[in-house]
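Note sheet for the following structure.
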Amino acid sequence: MDLRKAKLLLWARMLVLWGMFNLPLPVASGEIPGSSPPSLLGREFITAFMQNDLQPTLSSDFRLLITAYDPATLITISMKKPALRVSVQASAGQTVTVKIPPYAEMTGSTVFDNTVVVWADSDISVLSFNSKSNSADTTPVYPVHSLGTEYYVITPTVGTDRYREFAIVAWEGPTTVEVYLKGAVIFQGKTHARGSKLTIKLEAHQAAQLQSPVDVSGTRIVSQKPVAVYVGHTCVTRATQCDHVSEQLLPVSSWGTSFIVPSLSSERQHDFLYVATSQTTQVEVQSGRSKISRALTAEQVMLYGIPSSTALLFSANARVQLMFFSNGGTKGNIRYDPFFMAIPAISSYCQSYHIYGFDDFENYALIIAKTSESAGVTIDKRPLHNVLWKPVLGTEYSWAEYSLGKGFQAHSMEHGSSPFGLLSVGIGNQKAFGSPAICASSEYSVVTPHPSA
């Protein structure tokens, strides 16, 4: 047996770490008329681990945090090449941490067979954790039924010296993917120019990773069959050291029109908000009492600054996608790196979430709730303590930054009657992560933003 196969067998034996978090998970009811908010619950998932920093290493920490919602849920995790298949069982409300071999990392710009597929016989949710020394990020993994056929790429444009990257992951095959480039990319040893169309053919469970030293935001991806798309950067440098950033995109059909964007408090001046459009769109941004309106062209990605420790109200007359980019900075005695996360639309808020903390990080929950209902938000069935709510001017909402403390942990955060928004952020010295929390509901309540009185 060669060394590679021996290591894979060792990984298979060591793969599953059980986290016995028994969390009650009520489901919100209702629908959003005329929209299709993305669901994070499902039975079939496919994901990929994009390149993190420059070189692969056996010390990589790749994990999937999988939560079950029904008793005795059977879950199977597999890779095509190198071959790997592991099955586990989880009870309702239990989170299982599955450690993924370092061979899952996609290094370079080509087609890969080492995607990770998750099947279950009842609904589950999945969070991906991609970490190396001082370089980490998280992203929710959307189930196959939430995937789409049209996406627009958003990658960091500031303070960067390595590779922007995006990955296209096929569930069914064969499928043809057309990539309309807004910046030159390197793919399979060739440079493809800005303005050109790159056509890629993928078989089932294959992924194409494309990398570029320049901004590729606004690149349009159109596929014959639904695909997953991940975006980010191998290791982006800003105010501190570099950090890997990655996030799964939403298809255009799941974008939203109204958003609240909170910013972690720190000793810095501002962060950034990226806004992607698919058509000509009128947008309005309100920060405090200041409002800015402008028309954005189709297939544009616009950059806005966000003052530290504030929350923006963003609204549009057509659906858009928002991504938050933290500059990194200093909070207390922690000097943390950049992070990158999707901002959920108000229409996708729900009443029950999973939120996780990780070792070597100070973990925070950023909460957005109706001001009149904020006292009803609970963590693990207990009221929140020592939380300062700040109003989001121009809305009926308030937001708060809630410390979860250090170390690996899993919590349920809920409200008995009112949907709210929740973001998960972790900071450590020379590292950080951020992503939307896992909505533990298969349906959504009707949420229509109203101006405050």
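Condition (residue is among the hydroxyl-bearing types (Ser, Thr, Tyr), assigned to a strand (DSSP E or B), within 18 Å of Ala400 (Cβ to Cβ) and in contact (Cβ under 8 Å) with a residue 60 or more places away in the chain) applied to the range 278-290: is it met by at least one residue?
No, the range 278-290 has no match at all.
Looking at the range 354-380 only, could you name the residues that are modelled with pLDDT of 95 or more and surrounded by fewer than 17 Cβ atoms within 10 Å (Cβ to Cβ)?
Result: Thr371, Ser372, Ala375, Thr378, Asp380.
If Val245 satisfies every condition in (1) under 26 Å from Leu147 (Cα atoms); (2) in contact with a Phe, Trp or Tyr (Cβ under 6 Å, 6 or more places away or on another chain); (3) at pLDDT 90 or above but one, which is the exception?
Just one mismatch for Val245, condition (3).
Consider Thr234 against the criteria (1) of a type in the set (S, T, N, Q); (2) closer than 17 Å to Phe325 by Cβ; (3) outside any strand (DSSP E or B): it satisfies all of them except one. Which criterion is unmet?
Single failed check for Thr234: (3).
Name the single residue, out of those in the range 72-130 being among the aromatic types (Phe, Trp, Tyr) and either at pLDDT 95 or above or assigned to a loop (DSSP other than H, G, I, E, B) (or both), that is farthest from Leu41 (Cα to Cα).
Phe112
Considering only the range 407-423, how many residues are assigned to a strand (DSSP E or B) and either under 19 Å from the mean Cα position of the chain (by Cα) or at pLDDT below 95 (or both)?
9
Is the range 388-405 home to any residue that is of a type in the set (Asp, Glu) and over 18 Å from Ala311 (Cβ atoms)?
no
Go through the range 111-155 and count every residue that is closer than 22 Å to Thr219 by Cβ and charged (D, E, K, R).
Residues in the range 111-155 being closer than 22 Å to Thr219 by Cβ and charged (D, E, K, R): 2 in total.
Please give the number of the condition Ser246 fails out of (1) in contact with a Ser or Thr (Cβ under 9 Å, 6 or more places away or on another chain); (2) free of Cβ contacts under 8 Å to residues at least 60 places away in the same chain; (3) among the hydroxyl-bearing types (Ser, Thr, Tyr).
Unmet condition: (2).
With Ile260, Ile306 as the choices, which residue is within 23 Å of Ser374 (Cα to Cα), crowded, with 18+ Cβ neighbours inside 10 Å and touching a strand residue (DSSP E or B) at 6+ places or on another chain (Cβ under 7 Å)?
Step by step, each of Ile260, Ile306 is checked, and only Ile260 is within 23 Å of Ser374 (Cα to Cα), crowded, with 18+ Cβ neighbours inside 10 Å and touching a strand residue (DSSP E or B) at 6+ places or on another chain (Cβ under 7 Å).
The values are calculated or read from the model by the stated rules, or taken from the named source; none is laboratory data. These numbers were taken from a predicted model, which means no experiment stands behind them. We place every Cβ from the backbone using ideal geometry, glycine too, and count neighbours over all the protein chains shown.
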